1. Contact list please: Cβ distance under 8 Å, first residue in segment 28-51 and modelled with pLDDT under 95, second residue within 16 Å of the ligand (Cβ to nearest atom), pairs at least six apart or on different chains.
2. Does Gly88 count as in contact with a Ser or Thr (Cβ under 8 Å, 6 or more places away or on another chain) and open to solvent by 10 Å² or more (accessible area, probe 1.4 Å)?
3. Just a yes or no: is a residue in segment 66-76 within 14 Å of the ligand (Cβ to nearest atom), surrounded by 15 or more Cβ atoms within 10 Å (Cβ to Cβ) and farther than 26 Å from Pro206 by Cβ?
4. Would you check if Ser156 is under 26 Å from Lys45 (Cβ atoms), touching a helix residue (DSSP H, G or I) at 6+ places or on another chain (Cβ under 8 Å) and not aromatic (Phe, Trp, Tyr)?
5. Give just the number: which of (1) closer than 24 Å to Ile43 by Cα; (2) free of Cβ contacts under 8 Å to residues at least 24 places away in the same chain; (3) more than 16 Å from the chain's Cα centre (by Cα) does Pro130 not satisfy?
6. Which members of segment 91-130 meet the condition of being within 23 Å of Asp143 (Cβ to Cβ), open to solvent by 50 Å² or more (accessible area, probe 1.4 Å) and within 16 Å of the ligand (Cβ to nearest atom)?
7. Quick check, is Glu83 more than 16 Å from the ligand (Cβ to nearest atom), over 17 Å from the mean Cα position of the chain (by Cα) and open to solvent by 40 Å² or more (accessible area, probe 1.4 Å)?
8. Looking at this structure, is Thr117 over 17 Å from Leu153 (Cβ atoms) and either in a helix (DSSP H, G or I) or within 19 Å of the chain's Cα centre (by Cα) (or both)?
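The values are calculated or read from the model by the stated rules, or taken from the named source; none is laboratory data. From a predicted model like this one, the values you see are computed outputs, not experimental measurements. Cβ atoms come from the backbone with ideal geometry, glycine included; neighbour counts cover every protein chain shown. Quick note on the areas: whole protein, heavy atoms, side chains included, nothing else; ligands and nucleic acids left out. Shrake-Rupley method; radii C 1.70, N 1.55, O 1.52, S 1.80 Å.
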Amino acid sequence: MYNNDKLLADFWGILNLTTDYLTTGIKQKHTSFKVLSDSLGQIAKEISLCSKCRLCETRTNTVPGKGSSSPSLMVIGEGPGAEEDRRGLPFVGKAGQYMDKWMDAIKLEREADLFITNIVKCRPPGNRDPLPDEMTACLPFLDRQIKLLSPDLILSVGRISSQVLAGSSDGIGKLRGRSYLYKGISLIPTYHPSGVLRNPDEYRKPVWEDLQRVRNFLAKKELT
Ligand code: SF4
């Protein structure tokens, strides 16, 4: 039989347990929820407010990237151009429209199969190369996107993004044709579509070979 003192002790015991749960259990759950709640929208919002490098001073819009939330292929360029900066969307200028044709040729659709983004999310003025400190400041956004999206394969387009992701200072002519891993994900480098538009006779054939490798990888999940 419970006497009054025992009842009171049990009451305080239950109250303390409840307090412990409220101050630790829920707090811990809340902390892990915060980690799990990272999302493309959250990353895009942080990018839109970002001033971690000088490119924030000259941008019109940030260009976080766009595409499928479960892409088979992630396409990564070096940075937004003038049209991308104006519209806040990746690869929507001439080069982007040309790249759409590449993807058509290997039966991939922008919205369904791809996520397209860049190493830096703000336009380098005058289309200059992004500087090393700008890329270092911006890369954590890309890494979070890659972690969230977990694509089957990454296609880096152009010298800069290929060097950064392959971790090599070799020129794109040497980097392409080989395979790399970035954050545990297979990576194929190729030329930038704007370079191919400028010099189709030289670059169209190797790009077509690289696109065949992309297609084969996505079909067989192994690099050829
Ligand atoms: S380029 Fe990246 S790091 Fe620099 S301001 Fe834009 S979002 Fe921030």
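1. Asp38/Arg144
2. yes
3. No.
4. yes
5. (2)
6. Matches in segment 91-130: Arg123, Asp129.
7. Considered against the rule, which asks whether it is more than 16 Å from the ligand (Cβ to nearest atom), over 17 Å from the mean Cα position of the chain (by Cα) and open to solvent by 40 Å² or more (accessible area, probe 1.4 Å), Glu83 comes out as yes.
8. The answer is no for Thr117.
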